[in-house]
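Trainee: One structure follows; several queries about it will come next.
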Amino acid sequence: MITVVGATGNVGGPLVRMLAERGADVTAVSRRAPDVAGRHVRADLAAPETLRPAFDGADAVFLIVPGAGGGIDPHAVVDRARASGVRRMVLLSSQAVATRPGSAAYAPMRALEAAVERSGLAWTHLRAGGFASNAYAWLPAVRELRTVAAPFGDVGLPIVDPLDIAATAAAVLLGDGHDGRAYELTGPALSTPRSRAADLASALGTPIRFAEQTRAQAREQMLRLMPAPVADGTLEILGAPTVDEQRVSPDIEKILGRAPGPFAAWAARHVAAFR
């Protein structure tokens with residue numbers, strides 16, 4: 001059995017469906033009931049004792065943690081998995097664990113990676129860059145004003161489609177040769193906020209105005225959704241990415257045998273949400 005923790009999200013939901021379609025016995029875990037068929041267990045990573053029904057009987061666990069992993073005791077989660085007989089853990093981590101080793105924003109995720117590596121379980125880390133689905137933050141302004149507001153409008157990053165992350169996770173969970181590996185998951189090319197606004201406009205068939213925010217304006221908006229260290233760490237990547245953060249990784253193509261999809265493809269699939 002494979003347990004997917006975080007089964008209601010942009011990665012976990014598609015992953016549960018992909019695994020089930022390939023005949024895997026899957027348990028979906030979330031704090032609320034997911035819109036997926038099959039077995040579901042309600043549990044909370046912040047309360048590791050609730051994970052026992054989800055982990056008992058599982059051979060492998062796919063682990064997604066909310067935010068940047070703050071508020072979670074990594075050792076308690078890993079100990080619960082080991083006590084339940086789990087043999088393998090695949091962790092959706094962050095590219096910034098490797099590219100920003102001194103950043104306080106990603107310290108909880110670094111601690112989680114370390115706990116998994118020291119657990120005695122077989123493990124694989126999937127270190128993802130920025131998600132294409134972060135564009136959902138633009139929904140109200142696009143719907144009401146046909147405007148996208150973002151900082152650093154012409155700074156490009158190889159953002160990744162969550163569907164490609166899910167497909168990579170399914171291949172890793174069902175395949176061999178991935179133990180002890182850390183993969184970097186990115187999209188196929190650099191994408192700027194301005195170009196993503198243009199991609200959304202093309203998908204919608206209507207113009208979208210791009211309004212460049214100052215760093216302070218963007219930070220104020222982010223603080224409504226995330227702690228200050230995470231907001232500051234995110235802005236550092238968005239505004240001053242390192243060479244490694246702008247590098248297009250070959251790992252998705254190596255694992256899936258195809259290139260990852262561009263933001264334009266994500267926008268076309270999800271255009272109805274922005275109408």
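Trainee: Being surrounded by fewer than 17 Cβ atoms within 10 Å (Cβ to Cβ), within 29 Å of residue 27 (Cα to Cα) and among the hydroxyl-bearing types (Ser, Thr, Tyr) is the filter here, so list the residues in the range 146-190 that pass it.
Mentor: None - no residue of the range 146-190 is surrounded by fewer than 17 Cβ atoms within 10 Å (Cβ to Cβ), within 29 Å of residue 27 (Cα to Cα) and among the hydroxyl-bearing types (Ser, Thr, Tyr), so the list stays empty.
Trainee: Considering each of 96, 104 in turn, give the residue that is surrounded by fewer than 16 Cβ atoms within 10 Å (Cβ to Cβ), among the hydrophobic types (A, V, I, L, M, F, W, C), under 21 Å from residue 184 (Cα atoms) and touching a residue at least 40 places away in the same chain (Cβ under 8 Å).
Mentor: 104
Trainee: I've got another one for you. Among what's in the range 1-17 and is of a type in the set (S, T, N, Q) and either within 9 Å of residue 162 (Cβ to Cβ) or surrounded by fewer than 23 Cβ atoms within 10 Å (Cβ to Cβ) (or both), pick the residue that is farthest from the chain's Cα centre (by Cα). Step through it out loud before you land on a result.
Mentor: Residues of the range 1-17 that are of a type in the set (S, T, N, Q), as a first pass: 3, 8, 10.
Restricting the remaining residues to those that are either within 9 Å of residue 162 (Cβ to Cβ) or surrounded by fewer than 23 Cβ atoms within 10 Å (Cβ to Cβ) (or both) gives 8, 10.
Details: 8: 12, 10: 8 Å.
Across the range 1-17, the extreme among qualifying residues is 8.
Trainee: Against the condition at pLDDT 95 or above, assigned to a loop (DSSP other than H, G, I, E, B) and hydroxyl-bearing (Ser, Thr, Tyr), how does residue 249 come out, does it pass?
Mentor: So residue 249 passes the test.
Trainee: Something else now. What number of residues within the range 252-263 satisfy the criterion of being crowded, with 17+ Cβ neighbours inside 10 Å and assigned to a helix (DSSP H, G or I)?
Mentor: Result for the range 252-263: 3.
Trainee: A further question follows. Can you tell me how many residues in the range 177-232 are out of contact with any helix residue (DSSP H, G or I) (no Cβ under 8 Å at 6 or more places or on another chain), among the acidic types (Asp, Glu) and within 30 Å of residue 116 (Cβ to Cβ)?
Mentor: Number of matching residues: 1.
Trainee: How about the range 96-119: which of its residues are of a type in the set (D, E, K, R), assigned to a helix (DSSP H, G or I) and closer than 22 Å to residue 160 by Cβ?
Mentor: 110, 113 - these are the residues of the range 96-119 that are of a type in the set (D, E, K, R), assigned to a helix (DSSP H, G or I) and closer than 22 Å to residue 160 by Cβ.
Trainee: Do we have any residue at all in the range 26-34 that's over 28 Å from residue 159 (Cβ atoms), exposed (fewer than 15 other Cβ atoms within 10 Å of the Cβ) and among the charged types (D, E, K, R)?
Mentor: No: zero hits.
Trainee: Criterion first (touching a strand residue (DSSP E or B) at 6+ places or on another chain (Cβ under 7 Å) and over 30 Å from residue 270 (Cα atoms)) does residue 76 satisfy it?
Mentor: In short, no.
Trainee: Another question, then. What is the residue count in the range 218-234 for residues that are more than 17 Å from the chain's Cα centre (by Cα) and either surrounded by 14 or more Cβ atoms within 10 Å (Cβ to Cβ) or hydroxyl-bearing (Ser, Thr, Tyr) (or both)?
Mentor: The number of residues fulfilling the criteria is 7.
Trainee: Something else now. Need pairs with beta-carbon distance below 7 Å; first residue polar (S, T, N, Q) and within the range 129-142, second crowded, with 19+ Cβ neighbours inside 10 Å; sequence gap 6+ or separate chains.
Mentor: What qualifies is 133/10; 133/162.
Trainee: Among the candidates 52, 87, single out the residue that is under 18 Å from residue 4 (Cβ atoms), touching a strand residue (DSSP E or B) at 6+ places or on another chain (Cβ under 7 Å), touching a residue at least 12 places away in the same chain (Cβ under 8 Å) and loosely packed, with under 15 Cβ neighbours inside 10 Å.
Mentor: Every option except 87 fails the conditions.
Trainee: Could you run through the range 191-217 and say how many residues are closer than 26 Å to residue 105 by Cα, surrounded by 15 or more Cβ atoms within 10 Å (Cβ to Cβ) and of a type in the set (A, V, I, L, M)?
Mentor: Selection size over the range 191-217: 0.
Trainee: Restricting attention to the range 185-205, and to residues there that are polar (S, T, N, Q) and in a helix (DSSP H, G or I), which single residue is farthest from the chain's Cα centre (by Cα)?
Mentor: Per the stated criteria, the residue is 202.
The values are calculated or read from the model by the stated rules, or taken from the named source; none is laboratory data. Computed from a predicted model, the values in this text were never measured in an experiment. A quick note on method: Cβ atoms are made from the backbone with ideal geometry, for glycine too, and the neighbour counts reach across all protein chains shown.
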